Amino acid sequence: MNEKDTKLQVRVNARKKAQAQKVLKSYGLSMSTAVDLLLHRIVEDKALPFEIKIPNAETRVAINESRKTMAQRQPHPDE
């Protein structure tokens, strides 16, 4: 059942799309083929082909504190 009989449309960030297309092109793949491969893996494995992590409360606090610190950080003269 390899017949392609439906269309999938998604909205994505234009810059990310262009960056992804560049990477995919280096593999000789189109965006359509890459999405088809992703869907195939999801169906075959009954899982996403990558791990999704949701940080716990303690980790979220640490991430937010780190972001605040980085936002307040003065740039180094050599940067």
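Quick note: the coordinates plus some simple rules give every number you see, no bench work behind them. Remember, predicted model here, so these are calculated numbers, not experimental data. Positions of Cβ are generated from backbone atoms using ideal geometry, with glycine treated the same way; all protein chains shown enter the neighbour counts.
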Practice task
First select every other residue whose beta carbon is under 14 angstrom from the beta carbon of T59; then total the charges, Lys and Arg +1, Asp and Glu -1.
Solution key: +1
Exercise for the section: Pull out a ≥ b ≥ c, the square roots of the eigenvalues of the alpha-carbon gyration tensor of the range 1-55, then state rounded if a/c is under 1.5, prolate if not and a/b is larger than b/c, and oblate in the remaining case. Expected result: oblate
Practice task
Please go through the residue pairs K7/K46; K25/K68; K17/K53; K4/K46 and name each one whose alpha carbons sit more than 26 Å apart in this structure.
Solution key: K25/K68
Problem - the chain - mean residue ellipticity at 222 nm from DSSP helices (-39,500 (n - 2.57) per run, n ≥ 4, rounded to 500) - result: -18000 deg cm²/dmol
